[in-house]
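Quick notes on the structure that follows.
The values are calculated or read from the model by the stated rules, or taken from the named source; none is laboratory data. Quantities reported herein were computed from a predicted structural model and do not represent experimental measurements. Reconstructed Cβ throughout: ideal geometry from the backbone, glycine too, with neighbour counts over all protein chains shown.
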Amino acid sequence: MTHSVNKRKQRGRVKEILNKRIKAIERLSKKNGKESQNVHLPNVALGDLRQRFSPRHKELHSAVRRMTPKFKRYPSDPSKPLEVYGSDGGLLVVRVHLDNVEMMKELAQAVKDLPRGKNREFKGIKRSDYLTVHLGCWAAYSKECMVSKELRELGVPGLEFLEKHQHIWGEMSRVLGQYVPGVFKKLQLYELNEPCKRFCGAWTMCAVNNGGDDATETKAHRDVKEYKKGYSCIISCGDYSGGALVLFELGIVVEMKAGDIILFPDSLITHCNEKAEGNRISIVSFTQKNVYDYWARKYNMEVKKKGKKNSI
């Protein structure tokens with residue numbers, strides 16, 4: 001049985017390991033810690049964004065789009081992490097810099113070497129000109145987790161891409177563990193059925209987005225298929241300028257350079273990228289809500305539902 005004493009003991013051991021990892025991350029961050037730029041937004045609360053979450057995407061009002069030139073901009077600063085909090089103290093955005101130029105060049109070249117991705121649509125709406133490949137696993141329309149079709153089709157090259165850049169997924173996971181340890185643990189506590197695994201550090205999936213040359217502005221959207229209490233992580237690479245991340249509910253623009261890592265709850269915050277000049281590539285690590293649903297079915301993981309008090 002999935003809820004046997006042995007299974008519970010096994011999860012207990014995993015929890016101990018994850019707690020030790022979090023403590024190690026805390027020690028490392030204190031040792032190598034840099035002074036952060038802390039921003040507190042008085043008119044936005046993480047809890048309120050979660051309360052108002054809808055699994056249906058809604059178009060932004062034109063008046064909101066007209067306000068974007070007035071949004072507060074935060075230039076990329078490799079020497080200082082950016083932390084943005086809501087009025088309730090909830091973490092909304094973190095930006096840190098991975099200072100390894102050669103690593104970013106290798107990542108960009110590896111993305112270019114992958115077979116050509118597809119220009120994706122959501123409910124018939126084209127979000128951008130970026131070509132996207134989804135590598136990892138999810139449980140969409142399935143009782144069990146399954147490897148994404150694109151990873152199955154790519155086969156060895158796709159698996160080699162994921163394996164070769166484990167150090168990058170590890171850095172992204174470290175940011176998650178440092179700033180949101182509860183989500184860090186939840187994402188890694190429960191097992192996945194074979195042949196699935198966490199291909200991207202703490203996360204099960206990544207979207208590899210190749211903007212090509214002079215990528216146009218992306219369409220404002222929320223990633224509504226992801227869990228409202230989760231966080232996704234973006235890293236960008238390539239030789240480009242521009243491409244800043246616009247966060248509409250927060251009223252801010254977070255600029256990105258190659259090597260910048262941004263962590264934020266992309267299911268709650270409507271976002272887009274500004275136009276980029278040059279070749280811009282981004283990789284988003286995430287775990288979809290349907291994987292949480294799989295854990296709820298398989299291991300009785302408590303997921304908050306309307307009218308019930310249980311929550312993860």
Among residues of the range 231-260, those that are in contact with a Pro (Cβ under 7 Å, 6 or more places away or on another chain) and surrounded by 23 or more Cβ atoms within 10 Å (Cβ to Cβ), counted: 1
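Conditions (1) of a type outside the set (A, V, I, L, M); (2) modelled with pLDDT of 95 or more; (3) touching a Pro at 6+ places or on another chain (Cβ under 7 Å), marked per residue:
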{"position": "MET67", "(1), (2), (3)": "no, no, no"}
{"position": "TYR74", "(1), (2), (3)": "yes, yes, no"}
{"position": "GLY86", "(1), (2), (3)": "yes, yes, no"}
{"position": "LEU91", "(1), (2), (3)": "no, yes, no"}
{"position": "MET104", "(1), (2), (3)": "no, yes, no"}
Could you list, in sequence order, the residues of the range 261-280 that are charged (D, E, K, R) and either surrounded by 24 or more Cβ atoms within 10 Å (Cβ to Cβ) or not in a strand (DSSP E or B) (or both)? ASP266, GLU274, LYS275, ARG280
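Please tell me if LYS105 is surrounded by fewer than 20 Cβ atoms within 10 Å (Cβ to Cβ), closer than 30 Å to HIS40 by Cα and not hydroxyl-bearing (Ser, Thr, Tyr).
No, not satisfied.
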Of the listed residues (ASP129, ASP77, ASP88), the one being over 23 Å from TRP203 (Cα atoms), in a loop (DSSP other than H, G, I, E, B) and touching a helix residue (DSSP H, G or I) at 6+ places or on another chain (Cβ under 7 Å) is ASP88
Specify which of the listed residues (GLY155, GLY211, GLY170, GLY182) is crowded, with 19+ Cβ neighbours inside 10 Å and small (Gly, Ala, Ser). GLY211
Scan the range 176-188 and tell me whether some residue there is of a type in the set (Gly, Ala, Ser), assigned to a helix (DSSP H, G or I) and in contact (Cβ under 8 Å) with a residue 24 or more places away in the chain. yes
Specify which of the listed residues (ARG95, ARG21, ARG50, ARG65) is part of a helix (DSSP H, G or I), surrounded by 15 or more Cβ atoms within 10 Å (Cβ to Cβ) and touching a Phe, Trp or Tyr at 6+ places or on another chain (Cβ under 9 Å). ARG21
